[in-house]
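The values are calculated or read from the model by the stated rules, or taken from the named source; none is laboratory data. Note that the structure is a prediction, hence the values are computed from the model and not measured. Because the Cβ atoms are built from the backbone with ideal geometry, glycine has one as well, and the counts that use them run over all protein chains shown.
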Amino acid sequence: MANDLTTTKGFLQTEDSEYVRLVSLISGVWDKAREKAALSVNTELLDASWETGRYIVEYEQHGNVKAEYGKQLLTNLSKDLTRLHGRGYSRSNLFNMRLFYVRFPKIQTVSGQLTWSHYLELLKCDDPLEMQFYMKECIKEGWKVRELKRSEIKHGDIGQMNLYLNYFKRIGY
């Protein structure tokens, strides 16, 4: 970090190396705090989305295995939650929260390393094994959402994906 501060011409108006070090240390503290705050917010948003999906599914099913559809639940929820809390509760977003819960029924399988935007892309996979493959690749390779979108379009390394899919099938995942 100190190098960043000293090599950026004109950024600091001093040549005092101890002062540059002080600025670097303080900057590092705030950079780390912002990163931790973002991770914490992301985790809370994922948890809230998952819980919302769970509540919707439980309400729809009333303890039954299958839900009763056609009652405009998501449309009504969208209107009421938007009135109460503002943006973020569109019918499609609530549908995705519901699907998020259905596809990840155990909260422990949700990774805080991925964002809601990652999960929105992953939910587009029809095959659960394919979705797991892309989820693991995102985590392992540190893919941003743009990279995930690109890989799904191209299907990247089909051979590697087939290896993963066969492996998951073999272990009964």
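The table below gives the values:
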quantity	calculated
Evaluation of Arg87 against (1) within 25 Å of Glu147 (Cβ to Cβ); (2) in a loop (DSSP other than H, G, I, E, B) (one fails), failing number	(1)
Test: residue in the stretch 42-65 that is surrounded by 12 or more Cβ atoms within 10 Å (Cβ to Cβ) and outside any helix (DSSP H, G or I)	no
Of all residues making up the stretch 90-105, the number that are in contact with a Ser or Thr (Cβ under 8 Å, 6 or more places away or on another chain) and outside any helix (DSSP H, G or I)	1
Filtered residues of the stretch 97-126 (kept if buried (at least 16 other Cβ atoms within 10 Å of the Cβ) and either aromatic (Phe, Trp, Tyr) or closer than 13 Å to Ala48 by Cβ (or both))	Met97, Phe100, Tyr101, Phe104, Val110, Trp116, Tyr119
Residue list for the stretch 5-33, restricted to those being in a helix (DSSP H, G or I), among the charged types (D, E, K, R), at pLDDT below 95 and exposed (fewer than 12 other Cβ atoms within 10 Å of the Cβ)	Glu18
Pair list, Cβ < 9 Å and 6+ apart or interchain, from the stretch 35-58 residues that are within 16 Å of Ile107 (Cβ to Cβ) to residues that are among the basic types (Lys, Arg)	Thr52/Arg98; Gly53/Arg98; Arg54/Arg98; Ile56/Arg98; Val57/Arg98
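To keep it simple, each residue is scored yes or no on (1) touching a Lys or Arg at 6+ places or on another chain (Cβ under 8 Å); (2) of a type in the set (A, V, I, L, M); (3) at pLDDT 90 or above.
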{"residue": "Tyr101", "(1), (2), (3)": "yes, no, yes"}
{"residue": "Lys106", "(1), (2), (3)": "no, no, yes"}
{"residue": "Trp116", "(1), (2), (3)": "no, no, yes"}
{"residue": "Glu130", "(1), (2), (3)": "no, no, no"}
{"residue": "Lys140", "(1), (2), (3)": "no, no, yes"}
{"residue": "Arg170", "(1), (2), (3)": "no, no, no"}
